Each structure stands twice: as structure tokens, then as C-alpha cells.
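**Student:** Shown below is the structure under consideration.
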Amino acid sequence: MRSAIDRETLDRLVAAGDKRARAFLDKPAVLEKEEYNHLDLRPGLLKDNALRALVTHSTTVPLVVQLLSPNIHLHSLALIYKRPVSPEVTPFRRGWHRDIRIPKDLGHRHLPRVGIKICYCLTDFHKPNSGMTLFARRSHLDSEPLAISKAEIDPKHAEVCDLTLNAGDAVLFENRIFHTAAPNRSDRVSRVLIYGYAYRWLKPEVYLDVPDEQLLAKSDPITRQLLGGYRDVDTVPWALQRWARTHGVEPEPVPWTIEA
Ligand SMILES: O=C(O)CCC(=O)C(=O)O
């Protein structure tokens, strides 16, 4: 999605992200080590007002509600910064994977789509190999593990997409698509924020901040739902259900039984 974030919001997010990443940004340069130049920061992010406000961002989150359903919450949140590495360094690993680990228990066949991540670009990604997550096109439909030759780091049969994006754009990707981190071979720091949403019957990942009761009490109903401010999964997702009804995008109810 082009221009998902306006300039003013973008500036606020970069300031908030840089504050959290200050120690990482200030480390001495070591261009030969990919892992040294990769920050994946998760705990504590929701304490920041600008980062918390993005949980209900109006250009993107309504799409996720329509693609999944109103019965969702925030499942993960990551600030990912990559400092430049030398173009000569061979990538130390790729880490191609699907999100939410469902295949570990159920295998790769008949995988359901249960989560969608929104990756907000805080910097331009105008050239290849500049730090954007790589995606294997159409791999969400694959029913096998991703095939990678012994001497290679990327899949044999799938097209690897290194997207060209502007600061302020957002990329939505779902749990079944194979993707991987990749090094930043440009001369600037790459910055993204990734908000993962999933059905409420999927427990948020361990790094997501436990909802702060005081903050929840002050939040609007949709923020409260997305941050997990409800008793259990059987509590009806009132807030987003109401939003969906108001906008005429409520999903068809699925009955337990039908008259035969
Ligand atoms: O660091 C990256 O670019 C990859 C992020 C990722 O793998 C994920 O969000 O699951």
C-alpha cells in the first residue's frame, strides 16, 4: 500500500524508533558482520504513544479486519533496523520461514491463513539488497517445505521478491508466505516496523507487551480489543464487530448447525 503513513506520522515514528534503537545506531562500524548490524527489537514498544497509535492505523488495519475478520488482536510487534554491511560479505544465513509456526505441528499441507503482518517502511527501499524482507512469490500456496539447493541460500523454484518501496509505504503479508530477513548492502540504515495481527484464538507471541491495565482503561474500544483487553476468546469482539457492521463489511455468520 503506497503512502500508508503521512509525512508527519512518519517523522514521529522514526523519532520513536531511533530513540529505542539509539544504542544500536551508535555502535562502532563493523561492516563485515551481518548479525552485528541487524536489530530486531520487540519488548516495550507499546509504551510509546506513536507506536501504540499505529496499532489502529486507519489506512491499513481496516483491510486486515476485512481479510481476516473482526475477531483479531495484535499478535506481534517488531522494530527492525539494519545498518549497512559490506557488499562483499556473503550472507551468513537467510532463515526462510512461514510465520506463526503452524507447520511445525500441522505440516505444510492445507495451511490456513490466520495472521497478517503490516510492514511499515520508515525509509525508502529504492535499490535491491537494501534491507527489505524478501518474499517468495506465491509460496503461500505451497504444500511442501521450501526447496533450497545445497550451495544456494534462496529457493530453487520460487521467484524471490525484493520490493521497491518508499518511506511511508506498507507491505501486507500473511503467515503462509515464505519470507526471510536479508542484509542491507546500501549506505543508509534501513528501518521498518512490523505489526502482526491474528485471530484472537492465537496467543500473542511472548515478546508482545502484556496489556497495561491503566493504558487499556484510557483506550478507545478498538484499541482495547487489539491490545488484548478482553476476558477470554469467547468474549464477543464487540468493538471491531461494531466497526464492521457500521461500514457494511461484517462477515457472514457461520452457524454450528443447519437444517438438513
Ligand atoms: O528482518 C526481516 O527483514 C524479516 C522479518 C521477519 O522475518 C518476520 O517478521 O517474520
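**Student:** I'm trying to understand the selection: among the residues of the range 76-98, which are under 30 Å from K27 (Cα atoms) and within 11 Å of the ligand (Cβ to nearest atom)?
**Tutor:** Answer for the range 76-98, where residues must be under 30 Å from K27 (Cα atoms) and within 11 Å of the ligand (Cβ to nearest atom): S76, L77, A78, L79, I80, Y81, K82, R94, G95, W96, H97.
**Student:** Which pairs turn up if I take residues in the range 1-24 that are without any contact (Cβ under 8 Å) to a residue 12 or more places away in the chain and in a helix (DSSP H, G or I) and look for partners that are of a type in the set (D, E, K, R) and surrounded by 14 or more Cβ atoms within 10 Å (Cβ to Cβ) with beta carbon separation below 6 Å, at least 6 apart in sequence or on another chain?
**Tutor:** none
**Student:** Among the residues in the range 148-163, are any at pLDDT 95 or above and not in a loop (DSSP other than H, G, I, E, B)?
**Tutor:** yes
**Student:** Okay, next question. Would you pick out the residues in the range 120-132 that are in a loop (DSSP other than H, G, I, E, B) and closer than 14 Å to F173 by Cα?
**Tutor:** Across the range 120-132, the qualifying residue is only M132.
**Student:** If you don't mind, another one. Output the number of the condition that H157 fails; it satisfies all remaining conditions of (1) over 30 Å from R231 (Cβ atoms); (2) within 13 Å of the ligand (Cβ to nearest atom).
**Tutor:** Of (1) over 30 Å from R231 (Cβ atoms); (2) within 13 Å of the ligand (Cβ to nearest atom), only one is false for H157: (2).
**Student:** Among (1) closer than 18 Å to T56 by Cα; (2) touching a Ser or Thr at 6+ places or on another chain (Cβ under 7 Å); (3) away from the ligand (no atom under 14 Å from the Cβ); (4) assigned to a loop (DSSP other than H, G, I, E, B), which single condition is D209 missing?
**Tutor:** Every condition holds for D209 apart from (2).
**Student:** Is one or more of the residues making up the range 125-134 at pLDDT below 95 and among the hydroxyl-bearing types (S, T, Y)?
**Tutor:** No, the range 125-134 has no match at all.
**Student:** Quick check on the range 52-72. Is at least one of its residues buried (at least 21 other Cβ atoms within 10 Å of the Cβ) and part of a strand (DSSP E or B)?
**Tutor:** yes
**Student:** Quick check on my filter: what residues within the range 133-147 are aliphatic (A, V, I, L, M) and either loosely packed, with under 15 Cβ neighbours inside 10 Å or not in a loop (DSSP other than H, G, I, E, B) (or both)?
**Tutor:** L134, A136, L141, A147
**Student:** Go over the candidates T90, T59 one by one and state the one that is in contact (Cβ under 8 Å) with a residue 40 or more places away in the chain and not charged (D, E, K, R).
**Tutor:** After ruling out the rest, the residue left standing is T59.
**Student:** Mind listing just one residue for me: the one in the range 83-119 that is in a strand (DSSP E or B) and not charged (D, E, K, R) and, of those, surrounded by the fewest Cβ atoms within 10 Å (Cβ to Cβ)?
**Tutor:** Of everything passing the filter in the range 83-119, H97 is surrounded by the fewest Cβ atoms within 10 Å (Cβ to Cβ).
**Student:** A further question on this structure: Would you check which residues across the range 176-205 are part of a strand (DSSP E or B), more than 9 Å from the ligand (Cβ to nearest atom) and polar (S, T, N, Q) and list them?
**Tutor:** Matches in the range 176-205: N184 only.
**Student:** Within the range 233-260, how many residues are assigned to a helix (DSSP H, G or I) and within 23 Å of L202 (Cβ to Cβ)?
**Tutor:** 7
**Student:** Pull up the range 25-45, narrow it to residues that are surrounded by fewer than 19 Cβ atoms within 10 Å (Cβ to Cβ) and in a helix (DSSP H, G or I), then point me to the one that is modelled with the highest pLDDT.
**Tutor:** Only one residue tops the list, namely L25.
The values are calculated or read from the model by the stated rules, or taken from the named source; none is laboratory data. What you see is a predicted model, and the numbers here were worked out from it, not measured in a lab. Note that we place each Cβ from the backbone using ideal geometry, even for glycine, and neighbour counts take in every protein chain shown.
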